[in-house]
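For reference, the structure discussed in these notes is given below.
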Amino acid sequence: MESQIELIYEEIRGRENAKLIHFIGDLDATNVETVLEKVINLFNDGVVKLVVDFKQLRYVNSTGLGILLHFSKSAKEKGGCFKIANINENVYEIIEIIGAASLLEIYDDLDEAVAAVD
Amino acid sequence: MSSTFKIDIEELSSIPGVVIVRFQGSLESETIGAIEKIFTRVQMGDSVFAVADMGSVNLISSAALGELMGARKRLIELGGDLVLAGVILEIRTKLNLMGASKIFKIFNDVRSAINAYKWETGKKSEQVELTFPSNLKMVPAVRQLISRVARQKGYGNRDSFRIETIVDEICNNAIEHGLNDSNLNIGIKVDIDPDKIEIDVTNISDPEKIFSLKTHLKPEEHLEIQNDERRGRGLMLIKMLTDELTFNISEQGTVVHVKKVREE
């Protein structure tokens, strides 16, 4: 059975082409394609400034991390951003081990991440 | 002292080193003297691993909890421990609020506490072995099962999470690099003891992929990360999270063996 993941979207007041996405569940090889499709649809609609809240993201594996890097790169190429906030310490350790901490824009606090959106 | 309060000790002749301290009633501040006295008796004896049977306790004051923490500290200094068993929900909630559940190991009942003691001191390993269809959708259930086994055996949250990641990455690799046939099975064998966990994952190799698989597993690969790579970091993650990693690749199948030492 696929791992459960839910994406909840919120507008970011005062910012154009921007959205806040809450990730809830586990991100792994069984559901990356679903998540990829949803985020690509946002990019195609011109929403290129994304803040993602990982407070309720329990788990991520290397495949999930791969698409996060992909989102970050694609958003920047389109003149936007991909900012991550509220990562739990287990998930952060995985990001750090992979060497992706320096490639992603990571914030401790969600408000701080939202405020950093142009 | 509260009239409802009672305390007594039971030495277990069948399990040397373990003593059960049975509490009954309300552990209020007036009971501190009795609690101190009973644990002084425990410390003077041969048994330094104490199980506090809290099944008949209906109230615990901060002062009494402090006395139990002191007793635990003294027993730990003697190489033992004080664990709690059978705590009712109301008191468990209070222990959580007071942060005591992070200090004491809490078991559902005395038997579970004694089993945990025997497991920790016996140094015997236990095995879990299962097979599952070669399908990525099966992996979440498998990785969560192995992680839960580790947690149930006393491994901490961080270790259990790392074990979940290791199992996930190895199984995903076994499926992606194995023969593309969901009628075939992936085998996983876990050997866990209080100090370490060893995991073997076996698949049926795809003969056409053996060469690329051997290249993929070269140690000098995967040292650098590219921002636009979407895949291929699983092996690096496994290497970083384990203490030992070996491969046995043949036409018959690939066996990946990992060892991870318990850290907490």
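FYI, it's all coordinate maths here, none of it is from the lab. Just so it is clear, the structure is predicted and the values come from calculations on it, not from any experiment. A quick note on method: Cβ atoms are made from the backbone with ideal geometry, for glycine too, and the neighbour counts reach across all protein chains shown.
The GluC sites (Glu not before Pro) of segment A:1-32 that meet both conditions, a loop assignment by DSSP and at most 16 other Cβ atoms within 10 Å of the site Cβ, are A:Glu2, A:Glu16. For chain B, the direction-averaged projected area of the alpha-carbon convex hull comes to 17.6 nm².
Note on segment B:6-122: lysine pairs with Cα distance below 18 Å, sequence gap of 8 or more or different chains, count 7.
Summary of the geometry: segment B:101-174 and segment A:1-69, compared by the centres of their Cα atoms, lie 29 Å apart.
What is chain B's relative contact order, in percent, from Cα pairs under 8 angstrom and six or more apart in sequence? The partial results should precede the final answer.
Values: 442 pairs, mean separation 34.4, N = 264.
Relative contact order of chain B: 13 percent.
Just so you know, the Cα atoms of segment B:119-181 work out to an Rg and Dmax of 13.4, 44 Å.
Consider all pairwise Cα distances in chain A and report the whole-number % of them above 23 Å.
Working: 1402 of 6903 pairs.
Above the 23 Å cut-off, chain A has 20 percent of its Cα pairs.
If eta is 1.567 mPa s and T is 4 °C, what Stokes-Einstein diffusion coefficient results for segment B:6-122, Kirkwood Rh from Cα pairs, in µm²/s?
Details: Rh = 14.0 Å.
Once the numbers are plugged in, D ends up at 93 µm²/s.
Rounded to the nearest 10 degrees, the angle from helix B:62-77 to the longest Cα principal axis of chain B is 60 degrees. Pairwise inverse Cα distances across segment B:10-72, averaged and inverted, put the Kirkwood hydrodynamic radius at 12.0 Å.
Under 5 Å between amide hydrogens, built in the peptide plane, is the criterion, and for A:Val60 it picks out A:Leu27 among residues at least 5 positions away or on other chains. Listed by chain and number, the lysines placed with their C-alpha closer than 22 angstrom to that of A:Lys19 are A:Lys38, A:Lys49, A:Lys55, A:Lys73, A:Lys76, A:Lys78, A:Lys83; residues fewer than eight positions away on the same chain are left out.
What is the antiparallel percent of DSSP beta bridges lying wholly in the protein assembly as shown, to the nearest 5? Working shown, then result.
Working: 42 of 75 bridges.
Taking every DSSP beta bridge within the protein assembly as shown, about 55 percent pair in antiparallel fashion.
Computed 3J(HN,Hα) for segment B:154-167, one whole-Hz value per residue from the Karplus formula 6.51 cos²θ - 1.76 cosθ + 1.60 where θ = phi - 60°, is x, 5, x, 4, 5, 4, 5, 5, 5, 5, 4, 5, 4, 4, glycine and proline marked x.
Pair-distance distribution of the protein assembly as shown: all C-alpha pairs, bin width 10 Å, starting at 0; shares per bin in whole percent are 5, 20, 23, 19, 18, 12, 4, 0.
Karplus-derived 3J(HN,Hα) values for segment A:9-21, using 6.51 cos²θ - 1.76 cosθ + 1.60 with θ = phi - 60°, are 9, 9, 6, 9, 4, x, 10, 8, 6, 10, 8, 9, 10 Hz; glycine and proline are entered as x.
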